[in-house]
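See structure below.
The values are calculated or read from the model by the stated rules, or taken from the named source; none is laboratory data. What you see is a predicted model; the values in this text were computed from it and never measured. A quick note on method: Cβ atoms are made from the backbone with ideal geometry, for glycine too, and the neighbour counts reach across all protein chains shown.
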């Protein structure tokens, strides 16, 4: 039977609760195994911003008369939104990972910058470490792969646009 530990940290500021909030969130659940699918969500965001990027790129006089370069330039510019979404997810998941791996929990009691620090008991640290290693790190791995792919696509597209 697990020992009952009196925890002064408000429930919504506990690392395990923050992890559960992220996995339950529509946006942050994209890279989770149970999520809506990171690739699908990023592709949809790219497709939604693509017409706007092509329209903006068509304002360039030289691109206006070269439809292939125009489409390529708009496609590359459209990758900025998925990359920004990935960075936001990376920041959220990295924050939770640091909180899970920490041996103590920093928290606010009333929200008026009265920060306190509470040392996690060993049973909490073990549980948090397991979740960090087996759930959060794979999510960060998927996000890293997606960011590298997006950045690579941007570089290749920009290089092709210059070469044409």
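Summary of computed values
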| quantity | calculated |
| --- | --- |
| Within region 17-32, tally of residues that are in a loop (DSSP other than H, G, I, E, B) and touching a residue at least 40 places away in the same chain (Cβ under 8 Å) | 5 |
| Output for region 39-72, where each listed residue is surrounded by 13 or more Cβ atoms within 10 Å (Cβ to Cβ), in contact (Cβ under 8 Å) with a residue 60 or more places away in the chain and closer than 22 Å to residue 162 by Cβ | 66, 69, 72 |
| Output for region 108-149, where each listed residue is crowded, with 17+ Cβ neighbours inside 10 Å and not in a helix (DSSP H, G or I) | 120 |
| Test: residue 105 is crowded, with 18+ Cβ neighbours inside 10 Å and in a strand (DSSP E or B) | yes |
| Tally, over region 73-82, of residues that are within 14 Å of residue 39 (Cα to Cα) and free of Cβ contacts under 8 Å to residues at least 60 places away in the same chain | 1 |
| Selection from region 150-164 of residues that are more than 12 Å from residue 80 (Cα to Cα) and touching a residue at least 60 places away in the same chain (Cβ under 8 Å) | 157, 158, 160, 161, 164 |
| Residue in region 18-36 that is farthest from residue 141 (Cα to Cα), counting only those that are loosely packed, with under 13 Cβ neighbours inside 10 Å and touching a helix residue (DSSP H, G or I) at 6+ places or on another chain (Cβ under 9 Å) | 34 |
| Residue pairs meeting the criteria (Cβ under 6 Å; at least 6 apart or on separate chains; first more than 12 Å from residue 19 (Cα to Cα), in region 117-134; second surrounded by fewer than 16 Cβ atoms within 10 Å (Cβ to Cβ) and modelled with pLDDT under 90) | 117/104; 117/106; 118/8; 119/104; 121/5 |
| Boolean, residue 85 is under 16 Å from residue 39 (Cβ atoms), modelled with pLDDT of 90 or more and surrounded by 16 or more Cβ atoms within 10 Å (Cβ to Cβ) | yes |
| Residue within region 48-58 that is closer than 25 Å to residue 122 by Cβ, in a helix (DSSP H, G or I) and modelled with pLDDT under 95 present | no |
| Given (1) within 24 Å of residue 38 (Cα to Cα); (2) at pLDDT below 90, number of the condition residue 70 does not satisfy | (1) |
